[in-house]
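Here is the structure we will look at.
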Amino acid sequence: MEISGFHRIRGKMEKNTGMEKTKTVGYNVLSLFGFLFVWTFVSWLMQSPFFPSPWLVFKAFIDLLIEGDIEDVKLGMHVVQSLLRIFGGFGAACLLGIPLGLLMGLYPRVYDSTKAIIEPVRFIPPVAWIPLVIVLLIGFSRFVFVIWLGAFFPIFIGTLLSVRGVNPLHVDVPKSFGASRMYIVRKIIIPSVLPDIFTSMRVGLGIAWECIMAAEMIGGERVGIGIMILKYAQLIRMEVIIVGIVIIGLIGFCLNEIFILVEKRVFRWKEIVSI
Amino acid sequence: MVSAHTDRIKSVGFNVLSLAVFVFLWALIARWQASPFFASPQQIASGFVQMVTEGDSEGIGLGLHLWKSIIRVFSGFGAACVLGIPGGLFLGLFPWVYNRTRIIIEPVRFISPIAWIPVAIVLLVGFIRYVFVIWVASFFPIFITTLWSVRQVNPININVAKVAGASRLFIIRKIVIPSILPSIAGGMRVSLGISWMCIVAAEMIGGEMVGIGRLILKSAMVARMDLVVVGMLTIGVLGFCLNEVFIRVEKRLFRWRSAVSIG
């Protein structure tokens, strides 16, 4: 009865989704055009350098892409540099955070006894480390360290908590069949924490993307999407700033979407089970 | 119960022990390095005392720095709550509005709040500059969680009330709002953490002389590492306290929730 009801609803939904989808897309395009129109109109009304029209923003984008900024650094270069830094730090955070979280989750006593050291560090925002990093490190490692800090704690804590959240029933059943500890960790704990690890990696990547902006603005290198917009803020060129923040938003969105898609793909079994 | 109590004392003891070992190691390494870039715990303690009693190189005390930052955070956070909760509730109750304007909202949501700092620098001055950045940072978590939690309200609860002939307003007031309040509180807590991070960045980049973020950067410029660490620890402790207070209040207010889920 349950199942047939479920199928009925699902069938009904499938019939409607096609129509609904085109309608939603249509309205979205419409509202985007409405938004652009209002924007153009308001900027035309204001005639102020602080409120550039969409057309000016688009021109600034093309200029940045082809000719580069005031220091002849092209937009692509800025983006690639920022992404390299992100993935450097994020990779390091994964490499350290996942095994450490797993270990501390398996031996909760270690974490409980050293909480007094870990917790205060966890609550210092990664951005607050930037001045320290500026003094102690130089160049690429400076950014990697900040990103590492930003991404490490979400990944570490997420892994740790998910190990604790493993269903005890799943652990106890093989135990009563005489499975070894190693077997339980490999076959039960790791598969059940993987989805949570993935989610916390996604969260960590989001925080990393935020930190790289701050690190680049304060850290004083000349290449990077964060410093690019700050450079133009000092010149009061609003249109370039808008190009920059739209690109930051787009990249952040794409990173998140890619992660969600991979998550859905890899952990299809999880959804099936939970249904 | 008894064993829980001893366990607790034991865990506190181990924590104190590990902290002591950590500080000892730190002092040892600082002594061994003897470098101005590696402040020892004693230096940090005296730096703290100096900050509280005399203030930094411009005579601004730690309390004032902290107070300024807190005012900025809570003004922006308050503005975000005032706009985000009703906005999220509205768009959650009328999902078609959100579905059709998504293409405008989503890209803005993914712009990291720190990227708005240059915009704020160009367009705004003074206090409003920081409030705007904090508002951007905390608005979206609050807005999105409110919106999602409205959609997640158990349809059975709504349908039962509907069958009994309740009006739309009654359902919103008595069913939707009480069931989303815990998620809203969770969203508020998350965004308070994010705002706390953003205020530090905004103060470093925004160029006012007072504020805890500024204090750290200023001290780093003159290589006073002890003051940098004092600032960082202050931020960490304050962030931790805010989070704890929020969790306590949440637990208190939504006791019924855990009671329900146990049953």
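The values are calculated or read from the model by the stated rules, or taken from the named source; none is laboratory data. Since this is a predicted model, take the numbers as computed values, not measurements. All Cβ positions, even for glycine, are placed from backbone atoms using ideal geometry, and neighbour counts span all protein chains on display.
Regarding B:ARG255, is this residue at pLDDT below 85 and surrounded by fewer than 20 Cβ atoms within 10 Å (Cβ to Cβ)? Answer is yes for this residue.
For region B:95-147, a residue qualifies if it is away from chain A (no Cβ under 13 Å) and either without any contact (Cβ under 8 Å) to a residue 24 or more places away in the chain or more than 22 Å from the chain's Cα centre (by Cα) (or both), and exactly one does: B:ILE128. Note on region B:190-263: enclosed helices (runs of 4 or more DSSP H) holding 1 or more residues that are within 13 Å of another protein chain (Cβ to nearest Cβ) are B:212-221, B:225-253. If I filter region A:54-68 for residues that are within 13 Å of another protein chain (Cβ to nearest Cβ) and aliphatic (A, V, I, L, M), do I get at least one hit? Yes, region A:54-68 contains a residue that is within 13 Å of another protein chain (Cβ to nearest Cβ) and aliphatic (A, V, I, L, M).
Checking each residue in region B:42-60 for being surrounded by 15 or more Cβ atoms within 10 Å (Cβ to Cβ) and of a type outside the set (D, E, K, R) picks out B:GLN43, B:ILE44, B:GLY47, B:PHE48, B:GLN50, B:MET51, B:GLY55, B:ILE60.
For region B:20-47, which positions are away from every other protein chain (no Cβ under 14 Å) and not in a helix (DSSP H, G or I)? I'd like the intermediate steps shown before the answer.
The initial filter retains those residues of region B:20-47 that are away from every other protein chain (no Cβ under 14 Å), namely B:27-28, B:31-32, B:34, B:40, B:42-43, B:45-46.
Within region B:20-47, B:ALA34, B:SER40 qualify.
For region A:136-145, taking the residues that are farther than 14 Å from B:ASP226 by Cα and free of Cβ contacts under 8 Å to residues at least 24 places away in the same chain, the one that is farthest from the other protein chains (Cβ to nearest Cβ) is identified as A:SER141. Here is a check on your reading of the model: is B:ALA185 of a type in the set (Gly, Ala, Ser), assigned to a helix (DSSP H, G or I) and either within 11 Å of chain A (Cβ to nearest Cβ) or more than 19 Å from the chain's Cα centre (by Cα) (or both)? No: the conditions fail for B:ALA185. Among helices (runs of 4 or more DSSP H) entirely within region A:168-275, having at least 3 residues that are within 12 Å of chain B (Cβ to nearest Cβ) singles out A:190-219, A:225-234, A:238-266. What residue, among those in region B:148-161 that are assigned to a helix (DSSP H, G or I) and surrounded by 15 or more Cβ atoms within 10 Å (Cβ to Cβ), is farthest from the chain's Cα centre (by Cα)? Restricting to residues being assigned to a helix (DSSP H, G or I) and surrounded by 15 or more Cβ atoms within 10 Å (Cβ to Cβ), the top hit is B:ALA161. Consider A:VAL133 carefully, then state whether it is at pLDDT 85 or above, within 16 Å of the chain's Cα centre (by Cα), farther than 25 Å from B:VAL12 by Cα and within 14 Å of chain B (Cβ to nearest Cβ). No; evaluated as a whole, the condition is false for this residue.
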